[in-house]
Ligand SMILES: Cc1cc2nc3c(=O)[nH]c(=O)nc-3n(C[C@H](O)[C@H](O)[C@H](O)COP(=O)(O)OP(=O)(O)OC[C@H]3O[C@@H](n4cnc5c(N)ncnc54)[C@H](O)[C@@H]3O)c2cc1C
């Protein structure tokens, strides 16, 4: 592959070597660039891969992407999905609406993964970063206190890069994970998932809903969701050995599982694939100077649109910790909290998506009827659909086991509607005055932004990724800066 005249040379040393420039690697690199952390991002591919893959960006992810200056453009070009529906053919069983979510983004943003990656890559460039494309990580060796990695360049030569930390954002078949000897136990169910981005005929009943709709039937699961550019995403469970669906296959799936009586609804299949969703979780997310992020650390059924979102939030959790440790603000133990905080989130996700995939693909009619009755009953139970919306939007993710007794809990999300963020800076929110403070009246010192927030009952110290680090802290900025170094989540 010819080397582009503008491609920067691969550095020999860096603080953080990131292998893989999918959504998680790009998020990590953009975050580190914003924080001024020296890093190198490599990807074996010559360019961003076309195709849709993950199509839903959840509110919690948009909140993080706000902090690194990506959400506004992404939202402008995407489509706002209102919520999720579960149907038995045309009969609605349960609907969760995102409308009432307490977030600046009360919707599920529908945008192709390719578009999300393009926006992240553009932002990385704006921040002075780059992706070394066509560079493949072959392996690494320990080189205390960091690692030395071997990389092939686009012209096939071997290069060595030494780094204090290595982050594997290199997907399900992660070279970093394998070279680090980190186990990736789990299952690989036989069943395939068929994915197609389709143009439906105007007036088709399948196209009528603004929601992502799961059709549950004895014939199997079918998900239909609006996308941008007048397209719809279809996802369906299909038998092993099935080929990527064409127009006839999608119409047959819609006819068997979608709104009853619908036929000939598809004009065009724009992109299609089948893949085998695995259910796996890395045994460790950190091993000394090595970290796993995104699909390299966890993979599961795509039902619910959670995978890419979880990876982006992994990256957000790790970025500020690397910055704090590399700048000497916090001890190295802070980095252990990456595994402690994110592995349980991923474990829960693998378990819940697996359970959902199982109940959504019941083929026994009696069991299907019981499931549907249960879902209808759940929909009628106050609070259930709001709880579900919070969960799918990933707004309920927290790093505490403390029960909610009404007081601020360390490790819970602080809504940006309560304490507006200031990029990836720490925020000290002080009670009062009664009117919201304009942005130019906030004060900034070192890594800390101080703002007064109406209605707060106590002082809150908010982490760069939007979680509560401390409550009732001193208000003197020097004391708080010292406190930041001691904020090692337990
Ligand atoms: C067909 C399909 C459909 C999907 N649909 C959905 C969906 O609807 N919803 C959902 O949430 N998720 C979906 N997913 C999963 C989603 O795409 C992933 O969760 C997401 O891509 C994970 O991002 P990542 O950055 O961790 O890894 P990846 O996107 O896999 O990126 C890994 C990157 O690492 C690079 N790389 C790998 N090895 C090396 C190496 N040795 N050296 C250098 N670079 C390397 C690769 O080139 C790649 O760019 C789907 C996946 C597929 C395949």
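From the list 48, 42, 68, exactly one residue is in the same structural domain as residue 328 (by TED's automatic domain parsing) and either farther than 17 Å from residue 114 by Cα or without any contact (Cβ under 8 Å) to a residue 40 or more places away in the chain (or both). Which is it? Can you show your working first?
Numbers: 48 fails: either farther than 17 Å from residue 114 by Cα or without any contact (Cβ under 8 Å) to a residue 40 or more places away in the chain (or both); 68 fails: in the same structural domain as residue 328 (by TED's automatic domain parsing).
On inspection, the qualifying residue turns out to be 42.
Residues of the range 405-438 being assigned to a loop (DSSP other than H, G, I, E, B) and within 22 Å of residue 343 (Cα to Cα), which ones?
The first filter runs over the range 405-438 and keeps only residues assigned to a loop (DSSP other than H, G, I, E, B), leaving 405-412, 414-425, 432-438.
Matches in the range 405-438: 409, 410, 411, 412, 414.
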One residue from 352, 376 being farther than 30 Å from residue 283 by Cα and surrounded by 13 or more Cβ atoms within 10 Å (Cβ to Cβ): 376
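Need at least 1 residues that are farther than 24 Å from residue 7 by Cβ and more than 12 Å from the ligand (Cβ to nearest atom) per element, so show me which helices (runs of 4 or more DSSP H) inside the range 31-141 make the cut, counting only ones lying wholly within it. Let's see the steps before the verdict.
Working: elements: 59-67, 71-77, 113-126.
The helices (runs of 4 or more DSSP H) meeting that bar are 59-67, 71-77.
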Residue check, residue 146 within 20 Å of residue 322 (Cβ to Cβ) and more than 10 Å from the ligand (Cβ to nearest atom): yes
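So that you can scan it fast, the table gives a plain yes or no per residue for (1) within 11 Å of the ligand (Cβ to nearest atom); (2) at pLDDT below 95; (3) assigned to a helix (DSSP H, G or I):
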site	(1), (2), (3)
280	no, no, no
301	yes, yes, no
305	yes, yes, no
319	no, no, yes
342	no, no, yes
345	no, no, yes
353	yes, yes, yes
359	no, yes, yes
Checklist (1) assigned to a strand (DSSP E or B); (2) closer than 24 Å to residue 113 by Cα applied to residue 177, failing item: (1)
In the range 268-278, residue farthest from the ligand (Cβ to nearest atom) [restricted to those that are within 16 Å of residue 241 (Cβ to Cβ) and surrounded by fewer than 17 Cβ atoms within 10 Å (Cβ to Cβ)]: 276
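The values are calculated or read from the model by the stated rules, or taken from the named source; none is laboratory data. All values reported here derive from a predicted model rather than from experimental measurement. A quick note on method: Cβ atoms are made from the backbone with ideal geometry, for glycine too, and the neighbour counts reach across all protein chains shown.
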